[in-house]
Amino acid sequence: MRHPMARALPIVLLIPLPLVLWYVVRDKHVWHTRHTIGLALIATGTALWLGARWWLGASFTPRAEARVLVTDGVYRYLRHPTYIGAEVLTSGCFVFMGLYPLLLLAIVRIARQRRRAREEEAVLEAAFGEQYLSYRRRTWL
């Protein structure tokens with residue numbers, strides 16, 4: 001059986017390639033403040049996303065399923081760190097490249113992620129009842 005992180009790591013390893021190409025070709029090796037801010041967002045989002053995937057382990061699924069209620073690691077503080085991490089990472093890429101109008105897509109992306117989170121919460125509440133509701137009360141997003 002493959003390790004649960006086997007799918008996530010190739011995605012993360014591909015992120016630097018377009019950023020380096022953008023910096024070399026488009027920005028002509030000139031470092032801007034947006035590069036620093038973008039990299040900080042990318043690093044934060046990547047760490048959050050990977051940490052969340054790590055703690056989920058084999059419980060990670062593309063669709064909402066109630067296998068195990070994970071409440072350790074980053075899930076001790078956040079209910080949906082994979083969604084939050086993905087949005088911070090994506091926004092960081094747009095900032096790095098100076099594609100600020102694409103940040104407006106965050107409105108659409110966040111609405112979509114919120115809908116997914118609500119579906120996931122309904123499945124978890126149905127499966128784990130008061131245990132999930134207690135978890136939900138002590139965590140953020």
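Consider residue 26 carefully, then state whether it is open to solvent by 70 Å² or more (accessible area, probe 1.4 Å) and over 30 Å from residue 129 (Cα atoms). Explain how you work it out, then say what you get.
Values: open to solvent by 70 Å² or more (accessible area, probe 1.4 Å): yes; over 30 Å from residue 129 (Cα atoms): yes.
Considered against the rule, which asks whether it is open to solvent by 70 Å² or more (accessible area, probe 1.4 Å) and over 30 Å from residue 129 (Cα atoms), residue 26 comes out as yes.
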key: the stretch 71-127, residues that are farther than 21 Å from residue 33 by Cβ and among the small types (Gly, Ala, Ser)   = 73, 85, 86, 111, 117, 122, 126, 127
task = Six or more apart or on different chains, Cβ under 7 Å: which pairs go from a residue in the stretch 122-138 that's closer than 19 Å to residue 72 by Cβ to one that's among the aliphatic types (A, V, I, L, M) and outside any helix (DSSP H, G or I)? Could you list them?
result = 124/66; 124/69; 127/66; 128/66; 128/69; 131/69; 132/69; 135/69
inquiry  = Please determine whether any residue of the stretch 44-67 is of a type in the set (Phe, Trp, Tyr) and over 23 Å from residue 6 (Cα atoms).
reply    = no
query = With respect to the numbered conditions (1) in contact with a strand residue (DSSP E or B) (Cβ under 8 Å, 6 or more places away or on another chain); (2) outside any helix (DSSP H, G or I), which one is the sole condition not fulfilled by residue 29?
reply = (1)
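The values are calculated or read from the model by the stated rules, or taken from the named source; none is laboratory data. For clarity, every value in this text was computed on a predicted model and none was experimentally measured. Here Cβ is always computed from backbone atoms with ideal geometry, including for glycine, and neighbour counts include all displayed protein chains. The area values use the complete protein model at the heavy-atom level, side chains included, leaving out ligands, DNA and RNA. Shrake-Rupley method; radii C 1.70, N 1.55, O 1.52, S 1.80 Å.
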